[in-house]
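Notes follow the structure.
The values are calculated or read from the model by the stated rules, or taken from the named source; none is laboratory data. Keep in mind it's a predicted model, so treat the numbers as computed, not measured. FYI the Cβ positions are ideal-geometry reconstructions off the backbone, even for glycines, and counts take in every protein chain you see.
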Amino acid sequence: MIDRVAPVGGSLSTGQAQRPAAPSGKSFGELLQKAQATQQEQKQSAINFSKHAMDRAEERGIELTPALMEQLAGTLEKAQEKGAKNILALNATQAFIINVPYGRVITTMNQDEMKENVFTNIDGAVLL
């Protein structure tokens, strides 16, 4: 003998399952877009160093202080706003080549290396 059991939480007479609402009342698509926008903002403001750049900074005695990292992050944001791809960020004693789309410092130079160098494959320069 088969007993029929009524569905929990209401009737399913329409043939469609009822979906529970997201905790915030927003749809999955809205939550996904918000998460992607937050992730993009974090990528834009974060700057990181390639292994090559870290090695060069150490070799050349370039100290990566929190203040310098903030300056480089600000430089990155400005370059992103202008649509630059590769920039030279420099001050009187240091230079950094930055790949803007990836937010990554490619190489670093101190004052001695800057004297004889020609900077190629950049489309912008920013003074720190």
Checking residue 70 against (1) charged (D, E, K, R); (2) touching a residue at least 24 places away in the same chain (Cβ under 8 Å); (3) within 15 Å of residue 128 (Cα to Cα), which single condition isn't satisfied? (2)
Among the residues of region 94-118 satisfying the criterion of being outside any strand (DSSP E or B) and β-branched (Val, Ile, Thr), which is farthest from residue 73 (Cα to Cα)? 118
Mind telling me which of the residues 12, 64 ends up being over 30 Å from residue 128 (Cβ atoms) and modelled with pLDDT under 95? 12
Of the residues that make up region 78-87, is at least one in contact (Cβ under 8 Å) with a residue 40 or more places away in the chain, assigned to a loop (DSSP other than H, G, I, E, B), surrounded by 13 or more Cβ atoms within 10 Å (Cβ to Cβ) and not aromatic (Phe, Trp, Tyr)? yes
Single residue of 106, 98, 62, 122 found to be under 17 Å from residue 52 (Cβ atoms), of a type in the set (Val, Ile, Thr) and without any contact (Cβ under 8 Å) to a residue 40 or more places away in the chain: 122
Suppose we keep only residues that are within 30 Å of residue 78 (Cβ to Cβ) and in contact with a helix residue (DSSP H, G or I) (Cβ under 8 Å, 6 or more places away or on another chain) within region 21-52. Which one would you say is modelled with the highest pLDDT? 49
